[in-house]
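Nothing in this text is a laboratory measurement; each read-out follows from the coordinates by a stated rule. Note that the structure is a prediction, hence the values are computed from the model and not measured. Neighbour counts run over all protein chains shown; Cβ positions are idealised from the backbone, glycine included.
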Amino acid sequence: MPKHITEGDLALLAFAREIQQRAYVPYSNFRVGAAIYAGGEIFQGVNVENAAYGSTICAERSAALAAVTAGHTDFDAVAVIGDSDAPCVPCGACRQFLAEFNPSMRVIMSGKTDAVDVMRLDELLPEAFVRGYLDQDNGDDEE
């Protein structure tokens, strides 16, 4: 269920919209921009396509890499905007990637229209594989 849209959501979405035009999309022509709010700062990213399609990087991961490179690993929110009429949702790979940095972060989504959806990441990706699974005892203790 969509959440209340705040002024902060709209501001972060404006940063995603601003950067969207820098996307490198010679194959799909589908531009996506993303902005992440972390540590009181905003980090932007775009999708970058590649002739070897599997090497393409999504805007959300591009923005996340910028945040991590700047030393931030706890994300408060991500805004995503795409060339679709409906709000653009993060793909499954991006949902999993973002869950590493805050499975309950706010996700603000929009497209070419004024429609905006806001959800928590754990609503978009319930039961994400997160760090805690790696910390569990796997029962293979040697005695």
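Brief remarks follow.
- Proximal charge balance of Asp74 [Cβ under 12 Å; K/R count +1, D/E count -1]: -3
- 10 Å Cβ shell holding at most 16 others, DSSP loop, trypsin sites (Lys or Arg not before Pro): longest site-free stretch of the chain: 23-111
- Taking Cα centre as origin and charging only the Cβ of basic (Lys, Arg, +1) and acidic (Asp, Glu, -1) residues, the dipole magnitude of region 46-122 rounds to 100 debye.
- Given +1 at the Cβ of Lys and Arg, -1 at the Cβ of Asp and Glu and no other charges, the dipole of the chain around its Cα centre is 960 debye to the nearest 20.
- As a ratio to 2.2 N^0.38 Å, the alpha-carbon radius of gyration for the chain is 1.10.
- C-alpha long axis of helix 7-20 to longest principal axis of the chain, angle in °: 70
- Structural descriptor for region 7-134: relative contact order 21 percent, calculated from alpha carbon pairs under 8 angstrom and at least 6 residues apart.
- Length added when fully stretched, Glu123-Phe97, from 0.36 nm per residue minus Cα-Cα: 7.9 nm
- Förster radius 30 Å - calculated FRET efficiency between Ser55 and Ile5 (Cβ-Cβ, nearest 0.05): 0.30
- Ordered by the count of other Cβ atoms within 10 Å of each Cβ, fewest first, Leu134, Leu13, Leu125 give Leu134, Leu125, Leu13.
- Selection from Ser55, Ile19, Pro126, by position along the positive dipole direction of region 7-134 (Cβ): Ser55
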